[in-house]
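The values are calculated or read from the model by the stated rules, or taken from the named source; none is laboratory data. Since we're looking at a predicted model, the values are computed, not measured. A quick note on method: Cβ atoms are made from the backbone with ideal geometry, for glycine too, and the neighbour counts reach across all protein chains shown.
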Amino acid sequence: MWLFGWKGPSGFSANSTAEQVTQGIDGTGLTAIVTGASSGIGEETTRVLALRGVHVVMAVRNVGAGGKVKESILKEIPKAKIDVMQLDLSSLASVRKFASEYISSGLPLNLLINNAGIMAAPFMLSQDNIEMQFATNHVGHFLLTNLLLDTMKNTARETKKEGRIVIVSSEAHRFTYNEGIRFDKINDESEYNSIRAYGQSKLANILHANELTRRLKEDGVNITANSLHPGSIATNLLRYHSFINGLATTVGRLVLKNIQQGAATTCYVALHPQVRGVSGEYFSDSNIAKATAQAYDDKLAKTLRDFSLDLTNPK
């Protein structure tokens, strides 16, 4: 990433790491949920938030893998506060179970970091008969956010601290289907394209953040919602494309971010004072960036919310 060292208005660049963008920030007293926290960006996000004093709840599919990450972080940061809870975002039942257990725990919630995702997967349906990328990357996080929103609102009121919802999207949102979100063809295997379906789910992430912003402002609560592109990173998201994965490994040192750089924008949006009061924005390289016109389509965002509510409401 030596090619991309120029700094934006925030003072940070594509080269900045998660530790660098949070240097000097004290997150003591904050509690965060990080989905997909057992590997890649989620793991590094967990480590750096814990390093800054945040109590982190790792929401992971594989509790065993999550436990190993927790042990590794505790060796480095003995005073870290970390819990591991099971969450499979492709299962609405699992999302409801996680949210119920979290609420029952009595823990506050200042930061909700919707990080987990799958990329360019072959066509398959979730347990709830929803196309897997859309189910995992958007629908599961949509339901999780809705179920935990009252906890976040209560925390914001009681602590007088701003709550932040951080949704990891991608520049891939630019490569969705022409209509943006194919509401009537979500499960249409005959016209399925793995890359465009991924782009569709990532566009949904931005639209979700923007619609959340509108509703949170209407409610007058001290919670922000933003989306971001972490950068191009060689992680296990590429596991379905062996050629691309191999190419990324080969040339990665020159054109791709490492994990420490990849987690920077997430940690910046979650913790940095520069982002206080900022909501409904799309970030890249720890700076405000511009998404596509579809990402700012209020009508599309509202339609997506209604569609998502219909998918997640018990039938």
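Here Lys70, Lys75, Lys79, Lys97 are screened, and the one residue that is among the basic types (Lys, Arg) and not in a helix (DSSP H, G or I) is Lys79. Residues in region 87-109 that are closer than 23 Å to Leu309 by Cα and not small (Gly, Ala, Ser): Leu87, Asp88, Leu89, Leu92, Val95, Arg96, Lys97, Phe98, Glu101, Tyr102, Ile103, Leu109. Residue-level check: of (1) crowded, with 17+ Cβ neighbours inside 10 Å; (2) at pLDDT 95 or above; (3) farther than 29 Å from Thr28 by Cβ; (4) out of contact with any strand residue (DSSP E or B) (no Cβ under 8 Å at 6 or more places or on another chain), Ala234 misses just (2).
Applying the condition of being of a type in the set (Lys, Arg) and either in a strand (DSSP E or B) or free of Cβ contacts under 8 Å to residues at least 60 places away in the same chain (or both) to region 1-60 and asking which residue is surrounded by the fewest Cβ atoms within 10 Å (Cβ to Cβ) yields Lys7. Considering the conditions (1) buried (at least 22 other Cβ atoms within 10 Å of the Cβ); (2) over 25 Å from Gly140 (Cβ atoms); (3) of a type in the set (Lys, Arg), Lys75 is excluded by exactly one of them, (1).
Looking for whichever is surrounded by fewer than 17 Cβ atoms within 10 Å (Cβ to Cβ), among the hydroxyl-bearing types (Ser, Thr, Tyr), touching a residue at least 24 places away in the same chain (Cβ under 8 Å) and out of contact with any Cys (no Cβ under 9 Å at 6 or more places or on another chain) here; the options are Thr136, Thr159. Which one fits? Within the list Thr136, Thr159, the selection yields Thr159.
Residues of region 260-315 that are closer than 23 Å to Val139 by Cα and basic (Lys, Arg): Lys299, Lys302, Arg305, Lys315.
Here's the yes/no breakdown for (1) within 26 Å of Ile288 (Cβ to Cβ); (2) touching a Phe, Trp or Tyr at 6+ places or on another chain (Cβ under 8 Å):
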residue	(1), (2)
Thr17	yes, no
Gln20	yes, yes
Thr28	no, no
Thr46	yes, no
Val54	yes, no
Met58	no, no
Gly64	no, no
Val95	no, no
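All told, Phe175 falls short of being within 13 Å of the chain's Cα centre (by Cα) and not β-branched (Val, Ile, Thr). Within region 97-110, residues that are closer than 19 Å to Ile165 by Cβ and surrounded by 12 or more Cβ atoms within 10 Å (Cβ to Cβ) sit with their Cβ atoms under 9 Å from residues that are modelled with pLDDT of 95 or more and aromatic (Phe, Trp, Tyr), at 6+ positions apart or across chains, in these pairs: Leu109/Tyr102.
Do you know which residues across region 297-308 are in contact with a helix residue (DSSP H, G or I) (Cβ under 8 Å, 6 or more places away or on another chain) and not small (Gly, Ala, Ser)?
Asp297, Asp298, Leu300, Lys302, Leu304, Arg305
The residue list Leu147, Leu112, Leu203 contains one member that is on the phi < 0 side of the Ramachandran plot and out of contact with any strand residue (DSSP E or B) (no Cβ under 8 Å at 6 or more places or on another chain), which is Leu147.
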